[in-house]
Amino acid sequence: MPKVFSKPPGSERSDTARGFRTPQGDRLEHTPRGGRSDRSDGRRGRDDREKETRDRMIEDAFRQPLEIIRPNVSAFVQALIAVLRKNGAVQTDDEYAQFPE
Amino acid sequence: MTNMLNSLNDSIFELGSRHFSILFRHSFSPCDDGSLSLNECLSHAGTSCKIRQMQNQCHERRRAIETDAVPQNYRQYMPAIKFLSPLAYVCCNSNKSRVQIGNLTRNEFSPGKTATPTSWFTPAEFTDTGNRQSQADMLEGLGIANIFLRIGSGHSNQVHIEHTPFRPMV
């Protein structure tokens, strides 16, 4: 049996390096899905370039003056206070029955 | 068992909650300290849309904020309070150990500043009424100028969303 198989067509970009074996002949497909840090089986890591970045709108929102943000912040603080005080979650099946799905 | 009770017995809330986990964990949107201010969240199109979806589709009870519970001088903000109440539920009742709330007081505020490191707290568990009242009192008395959220995700720590035991059989 050859130590290294050729890759099947279309597998160049696949997460798992199919067909590869170590020089000892062990299959690599049992590598944990979370991967090992050295990625000896050639799998690709999560590509940071695909992650969303801080865009101009978020950066501008971060630098807004107090007068602009105050209404929403006040409203959210009041909503937090109300939720913390009223504990309005469903606690009994009778309470749950009051709400249609 | 009682400490597993939470108000996230609602698929809409779970989706909203998951959105925040993804936003905070799998994007570069948050600041260096891993936080986003409320204003930043509302400026993020997907987040704003998700809050609106939760507001429109969640159970009536989760939208309801009694006007009497809101101090007179804040009643002018009632529409905004009702709009943001689902987000408040996600923060306070999701039973996630991973939600943290930080703030800047009026004295500390300046544009482009993140929350004071010592101000961060995790909302008390749903059944811990005493602590929740204390946290509500604290929020009321601080004079908050800006508020920040930091939400981890199950990818970074082992968290399981537990439903209330009264979830109806499907």
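Near B:H44, no amide H atom lies under 5 Å from its own; only residues 5 or more places off or on other chains count, and H is placed 1.01 Å from N. Specify whether the C-alpha gyration tensor of region B:66-124 places it in the rounded, prolate or oblate class, a ≥ b ≥ c being the square roots of the eigenvalues: rounded for a/c under 1.5, otherwise prolate if a/b is larger than b/c and oblate if not. Oblate. For region B:10-151, the relative contact order works out to 30 percent when only alpha carbon pairs closer than 8 Å and six or more residues apart are counted.
Neighbouring Cβ atoms from other chains, within 10 Å of the Cβ of residues in B:69-81, number 4 on average.
Does region B:10-151 classify as rounded, prolate or oblate by the C-alpha gyration tensor (a ≥ b ≥ c root eigenvalues; a/c under 1.5 gives rounded; else a/b over b/c gives prolate, otherwise oblate)? Rounded is the answer for region B:10-151, as its axis ratio a/c remains below 1.5.
Only the coordinates and a few stated rules stand behind these numbers; no lab work does. Quick caveat, the model's predicted, so the values are computed rather than measured. Neighbour counts run over all protein chains shown; Cβ positions are idealised from the backbone, glycine included.
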